[in-house]
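Following: one structure in structure tokens, then a few remarks.
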Amino acid sequence: MIKLAIDLGSSMTKIYRADTNSGIVLAEPSCVAVVGEDATIKAIGKEAKNLIGKTAEYTSIVYPVYEGEIVDMRLAAAMLTEFLSRIGMKPSTLRRAQVLFSVPCGISERSLSAYANLTEECGLKKVWFVEQPYLAALGAGAILTDSDPVFCLDVGGGVSNAAVVSADGLIAGISMNVGGNNMDANVISKIANNNRLLIGALTAERIKNEIGSLAQGALGTMVAEGSSTETCQPSSTSVQAADLTDCIRVYINKVIEYAQAVVRNLPAEVAAIVNRNGVYLSGGVMKIPYAPQYIGSKLNMRFRVCEEPQFATVLGGGVLLRDKELLLRFAKNFSD
């Protein structure tokens, strides 16, 4: 029986195959390039992302999943169907496959219904929906029991989740529309104001990933290319890592503020266990140098980060697919 875990993120889609030793079989941008008024699909995934900022006016780049919500069902279904095809899944195979979907913490019935409709559009019959914090915790290496709650904080591209979970369920949690995409937008604004250079989204993301840091006195330099805000001519400028720290910190601080609110509302016994065990950190933002250390210091807790934090959620899905009893505890919906 084929078993797939799918993390349909606002920025990236990841798929894990749990019935073989394949592991993560796909990680592609969650975007679609469309043409004309009828939005004819031109490219999907990495091919679509490579077109950002380079298309003519009649071509646009669409993110069918925005901040954890499915905002364009047709394009979301086309995108996911294509991704499944890229890993060799045929329609006849998908009807028999068992598939786990990650969904945001505290997802509404309306949003959950949209995810269910998406799976039907893609021909998936046996589906579980599990809130992201359980998966992130498992993917980060936590062991979930009834008596030992786990505090996990995941900061992704479009959505961040902070929650305290145990094998008994969700004790407290929140989903926030804050993440790495906000940081990229802030980098664009900062360079435009400080360096008089307008850069694109892909350049901003690359700058953040290559020299972004929360270290005090962060070092690093990168040449950014774009368009001069003064002459509108092609231009370039040198960007310093230290100038970008605030672009990252302001959004990390927002996430920390929400995470602290979750902890403050815990029952006393649970709070004591969380304080003793610390926080499990995951999400692509954790790859930014000193981001985990900064969060740990602000929360005044020990922290643990898995080796590939951007894949924690989908890895946790793989763990859960191999533990049917625990899966049925956490699943929000299951169709036979």
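The values are calculated or read from the model by the stated rules, or taken from the named source; none is laboratory data. Please read all numbers here as calculations on a predicted model, not as lab measurements. Reconstructed Cβ throughout: ideal geometry from the backbone, glycine too, with neighbour counts over all protein chains shown.
Observations, loosely collected:
- Pairs linking a residue in the range 35-64 that is under 14 Å from residue 201 (Cα atoms) and touching a residue at least 24 places away in the same chain (Cβ under 8 Å) to a residue that is part of a strand (DSSP E or B) and small (Gly, Ala, Ser), with Cβ atoms under 6 Å and 6 or more positions apart or on different chains, are 61/33.
- Matching option when the condition is out of contact with any Pro (no Cβ under 8 Å at 6 or more places or on another chain), hydroxyl-bearing (Ser, Thr, Tyr), touching a residue at least 60 places away in the same chain (Cβ under 8 Å) and more than 20 Å from residue 78 (Cα to Cα), among 102, 160: 160
- For residue 102, the stated conditions hold: it is outside the structural domain of residue 258 (by TED's automatic domain parsing), among the small types (Gly, Ala, Ser) and either in a loop (DSSP other than H, G, I, E, B) or buried (at least 18 other Cβ atoms within 10 Å of the Cβ) (or both).
- Filter result for residue 93 (part of a loop (DSSP other than H, G, I, E, B), more than 23 Å from residue 154 (Cβ to Cβ) and in the same structural domain as residue 319 (by TED's automatic domain parsing)): no
- Residue in the range 105-124 that is part of a loop (DSSP other than H, G, I, E, B), over 21 Å from residue 9 (Cβ atoms) and not assigned by TED's automatic domain parsing to the domain that holds residue 158 present: yes
- Elements of type strands (runs of 3 or more DSSP E) in the range 1-51, at least 1 residues being closer than 11 Å to residue 314 by Cα and of a type in the set (S, T, N, Q): 12-17
- Near pairs, Cβ below 6 angstrom, 6+ apart or cross-chain, from the range 305-324 (more than 15 Å from residue 2 (Cα to Cα)) to any residue that is in a helix (DSSP H, G or I) and not hydrophobic (A, V, I, L, M, F, W, C): 305/292; 310/284; 312/139; 313/132; 313/139; 315/139; 316/139
- Checking each residue in the range 125-141 for being surrounded by fewer than 21 Cβ atoms within 10 Å (Cβ to Cβ) and in a loop (DSSP other than H, G, I, E, B) picks out 125, 141.
- Test set (1) more than 18 Å from the chain's Cα centre (by Cα); (2) part of a strand (DSSP E or B); (3) surrounded by 15 or more Cβ atoms within 10 Å (Cβ to Cβ) - residue 280 fails condition number: (1)
- Taken together, 3, 49 contain a single residue that is touching a Pro at 6+ places or on another chain (Cβ under 7 Å) and crowded, with 16+ Cβ neighbours inside 10 Å, which is 49.
- Checking residue 217 against (1) more than 23 Å from residue 9 (Cβ to Cβ); (2) in a helix (DSSP H, G or I); (3) in contact with a helix residue (DSSP H, G or I) (Cβ under 9 Å, 6 or more places away or on another chain), the condition it does not meet: (2)
- Search result, residues across the range 174-213 that are surrounded by fewer than 19 Cβ atoms within 10 Å (Cβ to Cβ), hydrophobic (A, V, I, L, M, F, W, C) and not in a helix (DSSP H, G or I): 174, 198
- Filter result for residue 10 (among the small types (Gly, Ala, Ser), in contact with a strand residue (DSSP E or B) (Cβ under 9 Å, 6 or more places away or on another chain) and closer than 25 Å to residue 136 by Cβ): yes
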